[in-house]
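Shown next, in structure tokens, is the structure this report addresses.
Laboratory data are not the source of any read-out in this text; all were calculated from the coordinates shown. None of the values given here were measured: they were computed from a predicted structure. Because the Cβ atoms are built from the backbone with ideal geometry, glycine has one as well, and the counts that use them run over all protein chains shown.
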Amino acid sequence: MTHDELLKKIDRRSVGASLLDSLAWKSLRAVVELHKPATFIGEIPLPKELSTVLCDYCFRLGYNVKYPCENIWVIEKELG
């Protein structure tokens with residue numbers, strides 16, 4: 001599943017949710033938005049073939065973690 005597809009899936013599931021559930025979906029979406037495929041290293045754009053390899057947020061924290069990172073993998077798994 002691509003990053004955009006995962007965001008759309010979260011958006012679809014959040015429609016009609018109660019206020020508390022809506023806040024949970026918004027929080028989950030925020031986590032997914034942070035853990036996107038990297039497109040830059042600092043100010044330098046990454047080549048297309050590398051932008052699908054690294055997790056942007058994990059990379060900014062100093063980890064060379066492939067995308068999807070474990071956070072995204074678990075979210076995808078739980079959403080089915």
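Below is a table of values for the structure above.
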item	result
Cα centre as origin, Lys/Arg/Asp/Glu Cβ charges: the chain dipole, Debye	120
Acute angle (nearest 10 degrees) that the helix 19-34 long axis makes with the longest principal axis of the chain, alpha-carbon atoms	10
Residues with amide H under 5 Å from that of Ile41, placed H, sequence gap 5 or more	Leu46
Normalised contact order of segment 17-75, rounded percent, pairs of Cα under 8 Å and 6 or more residues apart	29
The chain: calculated mean residue ellipticity at 222 nm from DSSP helix runs of at least 4, using -39500 (n - 2.57)	-17000 deg cm²/dmol
Other-chain or far-sequence residues with amide H under 5 Å of Leu54's (modelled H)	Ala38, Tyr67
Over the chain, volume per residue of the alpha carbon convex hull, in Å³	93
On Cα atoms only, tilt of 3-14 relative to the major axis of the chain in degrees	10
Signed unit charges on C-beta, dipole axis of segment 3-79, positive-most listed residue Val32, Leu79, Val53	Leu79
Folded to 0 to 90 degrees: helix 70-79 orientation relative to the chain principal axis, Cα	30
